[in-house]
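Right, one structure below, let's go through it.
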Amino acid sequence: MEERNMPKADFVTAMIFVAFGIGVLVLALQMPRFEGQDVNPYSVPGIVPGFLGAIIAFLGGVMLIRSILKKGYRLGIDRDAVTRFYRAEATKRFAMTIVICVVYALVVLGRVPYEVATALFVFAFIAYFEYESDKPLRAQLRKIGIALLMAVLVAGIVGYVFRSLFLVNLPGGGLSLLHPALPMMPGTEGMIHV
Amino acid sequence: MFEGFQMFVDGVVGFLNLKIIFDVLWSTQLGIIVGMLPGLTATMGVALMTTLTFSLETSNAVIILVCMYIGAIYGGSRSAILLNIPGTPANAATAVDGHPLARQGRAGRAIGIATVGSFLGSVIGMIGLAFFTPLIGNFALRFNSHEFTWLAIFGIVISGNLTAPKDPLKGWIAGFLGLFVAMIGMEGIHAHIRYSFGTIALSGGIALIPAMVGIFGFSEIITVMKQPRIEVINTKIERVIPRPWEVLQYWRTIIRSGIIGTFVGAVPGVGEDISAWVSYDRAKRASKNGDKFGTGEIEGLIAAETGNNACVAGTMIPVLSLAIPGSAPAAVLLAAMFIHGVRPGPLIMIESPEFVYEVVAMVLFATTAMMILGLSMVRPLVKVLQVPRQKLMPVVFTLCVVGSFAIQSRVFDIGVMVVFGILGYYLKEMDYPVAPLVLGIVLGDILDKNLRRALILGDGDILPFFTRPISLVLAILVVLTIVSRMPWFLAIVGGIKSTVMRAVRAVLPPRGR
């Protein structure tokens with residue numbers, strides 16, 4: 001981010017932090033105090049989060065004041081600025097990276113076998129970023145072929161190595177032809193918490 | 001002392017078998033490749049390795065992680081020298097003099113000197129690790145809840161201070177956000193579920209490894225893909241192995257940078273990038289060629305690389321003795337030790353002192369492998385840097401997904417990785433350091449339990465936080481760390497300094513009379 005835009009970003013984020021800190025504090029105050037259960041009042045669960053909420057709100061407040069002193073409240077958002085932002089090549093690359101990754105991780109994975117989802121993802125990612133819209137498709141067939149080959153190789157190798165060599169479960173199960181998904185011990189899901 | 005040396009020798013002998021040596025070689029080599037590639041950091045490499053090795057025996061798994069860590073911090077120097085893009089943040093200072101050397105056609109020499117500098121730094125760090133871990137561990141046996149509360153706060157404050165040189169306020173905010181993240185889920189005293197909003201998955205809390213894979217993996221992918229295309233320079237690489245005198249003439253810089261790196265590493269949540277910059281800055285001030293730094297000065301390159309690799313072993317000192325990480329990759333290492341049933345912390349010198357010296361032996365193996373591989377496989381590895389980012393990044397993301405999912409087999413953790421990746425990206429864009437955030441996630445539980453325990457012990461009395469001697473020292477350190485960055489404090493210190501100097505000049509007889 002450009003240095004001259006930092007006070008504006010600080011102004012917006014400081015407001016978010018103040019609201020967030022207050023929210024954390026309010027929810028901490030609403031936590032049970034187990035008064036009827038003869039519990040030591042200094043052990044109640046809301047003490048530490050309440051303390052943290054207050055500190056985050058305070059630090060956010062300091063940043064808010066500082067950004068106001070630097071005139072960060074003059075956000076200067078106009079039609080031109082928004083258009084420039086949306087048309088920037090970096091914004092497109094940024095948005096498409098997030099979209100392709102999020103669709104793979106949160107939508108496709110788990111619904112289709114792991115290898116299929118991964119191959120689709122790798123192909124879509126490489127094809128999107130390598131495709132040049134100003135050149136005819138025929139001239140880019142080699143690139144697309146390489147993307148396809150990489151997609152199949154990555155999905156197959158990652159699936160095989162992790163399941164068969166490292167004995168790791170993969171989301172969405174596997175292609176039964178290659179290797180069946182490892183069974184989970186009943187009740188062990190989420191047991192290790194690190 | 002002798003017992004410690006005996007345990008170290010036992011550790012070395014225990015690792016002298018073909019399987020371990022093979023594991024050391026491949027994991028160090030993989031670490032070098034991970035470190036070389038911009039977008040892949042040491043933290044992510046160690047996090048991914050943790051998920052892959054959790055079915056292995058403890059010392060076998062930990063040695064792989066240590067090799068990955070040391071290899072990656074060293075490996076970042078390759079891209080810093082050849083491309084002027086630090087492979088990991090730890091190598092930013094390396095690029096300042098390393099890349100000009102490559103542009104002068106001395107890339108091979110720069111790589112060789114960076115390798116030897118990293119090796120010597122790592123050896124100095126290893127000596128520090130062996131010497132200070134038992135000392136600090138034994139001292140920390142005197143800590144109770146009051147001291148651990150202050151230690152958690154001190155960790156956040158110092159980490160925020162040092163990782164956000166422009167604006168420590170942002171570092172502190174990031175740290176306290178991390179502490180809050182650790183509050184989510186079931187707490188450890190009354191088993192009350194906090195901030196889950198009725199979501200079952202959230203009631204288990206936010207796991208450290210998916211959050212870190214997101215912060216250091218996915219956010220890096222977004223950053224790398226957003227940037228304009230990187231032009232790879234084809235650099236001719238000549239002789240790599242340096243002559244002994246080329247390195248040994250800088251022995252003062254090497255020892256100074258090694259000591260700085262070790263100590264900066266031992267400070268919670270600060271890490272290799274800061275230690276490299278501090279070492280570089282000190283070398284620049286002390287050198288008679290200080291004005292040539294930045295133009296391809298070998299001494300600058302040595303200072304940066306010695307500093308960052310000495311820091312790696314230094315970060316393990318608080319991991320083992322206090323269960324507090326010295327850097328982000330060390331936080332993953334700490335988590336991995338917990339997974340494998342090792343309990344780092346003050347009791348480690350009583351419960352399993354041999355593990356401390358095994359870790360020292362692991363550092364020795366990793367360092368030796370790094371030196372051998374670093375000097376021997378330079379030309380083929382340069383080709384790795386020529387893989388286009390659009391082909392590499394989807395593979396990296398695939399590994400991020402598997403790394404987040406593998407330990408607990410929860411799809412929810414993939415979501416955690418994605419959310420923390422996007423959050424990490426925005427925080428970095430707005431100059432918030434992410435290391436305090438990670439440290440906060442680790443220290444949150446320590447703060448939560450110890451603050452409440454301390455209040456219970458004192459029946460709500462907060463005076464012991466300021467009257468117990470170690471607590472008082474930590475409290476003063478916290479206050480000094482905070483005010484040391486305030487303009488009014490700097491003005492007062494400056495005023496006192498000039499008054500004292502005037503008084504001294506008035507008292508002492510003038511020179512030359």
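Every number in this text was worked out from the coordinates using simple rules, so none of it is lab data. Since this is a predicted model, take the numbers as computed values, not measurements. Here the Cβ positions follow ideal geometry from the backbone for every residue, glycine too, while neighbour counts run over all protein chains shown.
Sequence-ordered 3J(HN,Hα) estimates for the stretch B:246-263 from the Karplus curve with 6.51, -1.76 and 1.60 and θ = phi - 60° stand at 4, 9, 5, 5, 9, 4, 5, 4, 4, 5, 4, 5, x, 5, 4, x, 4, 5 Hz, glycine and proline given as x.
Projecting the Cα positions of B:206, B:136, B:94 onto the charge dipole of chain B (unit charges on Cβ atoms of Lys, Arg, Asp and Glu, taken about the Cα centre) puts B:94 furthest along the positive direction. Using θ = phi - 60° in the Karplus curve 6.51 cos²θ - 1.76 cosθ + 1.60, the 3J(HN,Hα) couplings for the stretch A:156-171 round to x, 5, 4, x, 5, 4, 6, 6, 8, 8, 9, 6, 10, 6, 10, x Hz; x is entered for Gly and Pro. Look at the stretch A:86-97: the mean tally of other chain Cβ atoms within 10 Å of its residues' Cβ atoms is 3. Per residue, the convex hull spanned by the alpha carbons of the stretch B:136-190 comes to 98 Å³.
Packing around the peptides B:412-418, B:29-35, taken as the average count of other Cβ atoms within 10 Å per residue, puts them in this order, highest first: B:29-35, B:412-418.
With N set to the number of residues, divide the alpha-carbon radius of gyration of the stretch B:95-168 by 2.2 N^0.38 Å and report two decimals. Write out the running numbers ahead of the final one.
Working: Rg = 19.5 Å, N = 74, 2.2 N^0.38 = 11.3 Å.
Normalised by 2.2 N^0.38 Å, the Cα Rg of the stretch B:95-168 equals 1.73.
Computed about its Cα centre, the charge dipole of the protein assembly as shown is approximately 2460 debye, with only Lys, Arg, Asp and Glu carrying charge at their Cβ.
May I ask for the net charge around residue B:171, where only other residues with Cβ less than 12 Å from the Cβ of residue B:171 are counted and Lys, Arg are +1 while Asp, Glu are -1?
Charge balance in the 12 Å sphere: +1.
Shape of the protein assembly as shown from its Cα gyration tensor (a ≥ b ≥ c, root eigenvalues): rounded if a/c is under 1.5, otherwise prolate when a/b > b/c, or oblate? Here the protein assembly as shown falls in the rounded category.
Rounded to a whole number of µm²/s, how large is the Stokes-Einstein D of the stretch B:48-90 at 37 °C and 0.692 mPa s, given Rh as the Kirkwood radius over C-alpha pairs?
Details: Rh = 11.4 Å.
Estimated via Stokes-Einstein, D reaches 289 µm²/s.
Taking other C-beta atoms within 10 angstrom as a stand-in for reagent exposure, B:360, B:342, A:26, A:103 fall in the order A:26, A:103, B:342, B:360, fewest first. So for the stretch B:143-292, Kirkwood radius off the Cα pairs, Stokes-Einstein at 10 °C and 1.306 mPa s: how many µm² s⁻¹? Answer from the Stokes-Einstein relation: 80 µm²/s. Among residues other than residue B:11 with Cβ under 13 Å from its Cβ, the summed charge is -4 (Lys and Arg +1, Asp and Glu -1). Using the Karplus relation 6.51 cos²θ - 1.76 cosθ + 1.60 with θ = phi - 60°, the per-residue 3J(HN,Hα) values for the stretch A:112-125 come to 10, x, 3, 5, 5, 4, 5, 4, 4, 5, 4, 4, 4, 5 Hz, with x marking Gly and Pro. Lysine pair count for chain A (Cα-Cα distance under 30 Å; residues 8 or more apart in sequence or on different chains): 7. Between A:78, A:134, A:38, the GNM of chain A built on Cα springs shorter than 10 angstrom shows A:38 fluctuating the most.
Mean per-residue shielding of peptide B:170-183 is 5, counting Cβ atoms of other chains within 10 Å of each Cβ. Peptide packing: for B:326-337, B:116-127, the average count of neighbouring Cβ atoms within 10 Å per residue gives the ranking B:326-337, B:116-127, highest mean first. The Cα trace of chain A gives Rg and Dmax of 25.4, 78 Å, the first to one decimal, the second as a whole number. Amide H contacts of residue B:194 (H built 1.01 Å from N, in plane; Pro and chain starts excluded): B:185, B:186, B:187 sit under 5 Å, all sequence-distant by 5 or more or on other chains. Secondary-structure-derived ellipticity at 222 nm for chain B, considering helices only, amounts to -24000 deg cm²/dmol, per-run term -39500 (n - 2.57) for DSSP H runs with n ≥ 4. According to the square roots a ≥ b ≥ c of the eigenvalues of the Cα gyration tensor, what is the shape class of the stretch A:93-170, taking rounded for a/c under 1.5, prolate for a/b larger than b/c otherwise, and oblate for the remainder? It is oblate, given that a/c is not under 1.5 and a/b is not larger than b/c.
Taking a ≥ b ≥ c as the square roots of the Cα gyration tensor eigenvalues, with a/c under 1.5 meaning rounded and otherwise prolate when a/b beats b/c, else oblate, which class fits the stretch B:319-447? If you can, show how the numbers build up before the last one.
Details: a/c = 1.92, a/b = 1.14, b/c = 1.68.
It is oblate, given that a/c is not under 1.5 and a/b is not larger than b/c.
Note on A:125-131: average number of Cβ atoms from other chains within 10 Å of each residue's Cβ is 4.
Semi-axis lengths, largest first, of the ellipsoid equivalent to the stretch B:18-83 are 22, 12, 7 Å, with √(5λ) applied to each eigenvalue of the Cα gyration tensor.
Tell me, what does the Kirkwood hydrodynamic radius of the stretch B:257-298 come to in angstroms if you use every pair of distinct C-alpha atoms?
Values: mean 1/r = 0.0921 Å⁻¹.
The answer is 10.9 Å.
Would you list A:101, B:311, B:67 from fewest to most Cβ contacts within 10 Å? List each step's numbers first, then the result.
On the way: A:101 26, B:311 37, B:67 29.
With the fewest neighbours first, A:101, B:311, B:67 line up as A:101, B:67, B:311.
For a footprinting-style exposure proxy, rank B:431, B:448, B:291, B:23 by other Cβ within 10 Å, fewest first. Working shown, then result.
Details: B:431 17, B:448 25, B:291 10, B:23 21.
Fewest to most other Cβ atoms nearby, the residues stand as B:291, B:431, B:23, B:448.
Within the same chain, aspartates and glutamates fewer than 8 places from residue B:383 are excluded, and of the rest, those with a Cα less than 17 Å from its Cα are B:231, B:238. Close amide-amide hydrogen proximity is noted between residue A:170 and A:182, each under 5 Å apart and 5 or more residues distant or on a separate chain (H modeled in the peptide plane; Pro and chain starts excluded).
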